[in-house]
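First up is the structure itself, then whatever we jot down about it.
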Amino acid sequence: MSTIEKSAVELLAQRIAGDMAGGLGMILVHIGEQTGLFVALAQGSASSQELADRAGLAERYVREWASAMAAAGYILYDPADARFSLSPEQETVFASEGNSYYAPPFSDMLVSIAKDESLVVDAFRTGEGIPWGDHNACLFCSTERLTSQTVLPQLIQKWLPQVHIDLNCEGSVPRIVDIGCGRGKAAIAMAEAFPHASVYGLDLHQPSVERARDAAASAGLSNAHFIAAPAEDTQEKDFDLAVIIDALHDMGDPVAVAAKVRSILKPEGRFLVIEPYAADRLEDNFTLGGRMGYAASTCICTPASLSRPGRAALGAQAGYARLSDVLKRAGFNKIRAIQNEPTNIVIEAVA
Ligand SMILES: C[S@@+](CC[C@H](N)C(=O)[O-])C[C@H]1O[C@@H](n2cnc3c(N)ncnc32)[C@H](O)[C@@H]1O
């Protein structure tokens, strides 16, 4: 029997304590956004009573929350006058929705996974999948917000300009499809960025598609259309560009979906695949991103794929080689990386 290295146990226990504090802190971040406390604090330094008054909340709860947030270093505390405040950097992270560092959407994901933990425990026992739509709404909200703040600015300003296709050509109507569009933020952003284009969003989750339709109508867009159906079944075709954002690995059969995409693209049409960054080998994903990616994949992405015909369960941590292999098997011959780190893998594929 091997002897136990006490210092190594202590080191691991310290790390668990740090992770525990982080997880609890993120739950309080979620509460902070839900109750409007961060926005209230962004108005200026406050005692717990002033903060509670600003947010219309009970002071005793607010004092305990603010104490925890100050202990975490998420907000400032001045012991001289017992007042709490936000530094400009803390305001960016906790009170300025939309920027890529804004933390509450990450807390949505944590809370959503915790809420559905019993579904995952059951799935481990039965081996069955968990359909995307069986999760609580916090997940759809988190996905929408994380894609909006981390992916969309890069999609429009950085990645699409590198795709070999002219989407601004007057006199023609480029056809674009977003596969697994969720609540439609990317399709809407493309419809706005390319007003001559006709943009379709496909998703099998009816409530997300309804939300996308409402959002497009509110934005006054007549060139964004949403269809609630599995991508495999779509009748739409002749697309110049297909994009898939953070969804290929959720498909029951990513090769079949990619082959379907190939069949609905025009000759020389482009397929833009955007996935979370991962290396191909497990041992190269022993990183912060790998830890979060595998955890989300265990509770959300792998069960989603296992709930669909094909049950391929690619997982959210497939690297460039494994993603390229999916595309090659689907009949795409020209595959190139537009980006291969640090946050996303972005691949352009042509048949
Ligand atoms: C992680 S979410 C990403 C949503 C969206 N692309 C975004 O980034 O906000 C994955 C989406 O893929 C959809 N999905 C999974 N399998 C699908 C399929 N076979 N056909 C269409 N949509 C699918 C799910 O319903 C879900 O909305």
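Just a few scattered comments:
- Estimated at the nearest 10 Å², the accessible area of Arg15 is 130 Å² with a 1.4 Å probe.
- Across the chain, the mean sequence separation of Cα contacts (distance under 8 Å, 6 or more residues apart), normalised by length, yields a relative contact order of 12 percent.
- Area accessible to solvent at Glu170, 1.4 Å probe radius, in Å²: 150
- For the range 6-96, carbon and sulfur atoms together expose 61% of the accessible surface, with a 1.4 angstrom probe and every protein chain in place.
- Percent of beta bridges antiparallel (DSSP, the chain, rounded to nearest 5): 45
- Viscosity 1.567 mPa s, temperature 4 °C, Stokes-Einstein D of the range 56-138 from Kirkwood C-alpha radius, µm²/s: 82
- Distance violations [Cα-Cα > 24 Å] among Lys158/Lys185; Lys260/Lys334; Lys115/Lys260; Lys115/Lys158; Lys158/Lys237; Lys158/Lys334: Lys115/Lys260; Lys115/Lys158; Lys158/Lys237
- Accessible area per residue in Å² at 1.4 Å probe, computed on the range 52-184: 50
- Binning all Cα-Cα separations of the range 108-149 at 5 Å, short to long from zero, yields these whole-percent fractions: 5, 24, 27, 22, 13, 6, 2, 0.
- Positive minus negative residues near Thr343 (Lys, Arg vs Asp, Glu; Cβ under 12 Å): -2
- Once the Kirkwood radius over Cα pairs is known for the range 172-240, the Stokes-Einstein relation at 25 °C and 0.890 mPa s delivers a diffusion coefficient of 212 µm²/s.
- Helix 59-72 axis, angle to the chain major axis (alpha carbon atoms, nearest 10°): 70
- Each residue of the range 6-96 gets 106 Å³ once the volume of the Cα convex hull is shared out per residue.
- Rolling a 1.4 angstrom probe over the range 247-351 with all protein chains present gives an accessible area of which 56% lies on carbon and sulfur atoms.
- At an R0 of 41 angstrom, the distance between the Cβ atoms of Phe124 and Ser96 translates into a FRET efficiency of 0.60.
- Annotation note: chymotrypsin sites (Phe, Trp or Tyr not before Pro) in the range 246-351 located in DSSP loop regions with a Cβ neighbour count of at most 16 within 10 Å are Phe286.
- Three-way shape label, the range 26-171, alpha-carbon gyration tensor, a/c 1.5: oblate
- Taking all protein chains into account, the per residue accessible area for the range 244-351 stands at 42 Å² (1.4 Å probe).
- Principal axis dimensions, largest first and in whole angstrom, of the range 229-324 by Cα: 41, 27, 15
- Legend: translational diffusion of the range 1-53 by Stokes-Einstein, Rh = Kirkwood radius over C-alpha pairs, 25 °C, 0.890 mPa s; D = 175 µm²/s.
- Alpha-carbon spread of the range 110-350, three principal axes, descending order, Å: 56, 37, 30
- Size-normalised alpha-carbon gyration radius of the range 156-299, reference 2.2 N^0.38 Å: 1.09
- Per DSSP, loop GluC sites (Glu not before Pro) in the range 210-268 with at most 13 further Cβ within 10 Å: none
The values are calculated or read from the model by the stated rules, or taken from the named source; none is laboratory data. In this text, all values refer to a predicted model and were calculated from it rather than measured experimentally. We place every Cβ from the backbone using ideal geometry, glycine too, and count neighbours over all the protein chains shown. Ligands, DNA and RNA are excluded from the accessible area calculation, which covers all protein heavy atoms including side chains. Shrake-Rupley method; radii C 1.70, N 1.55, O 1.52, S 1.80 Å.
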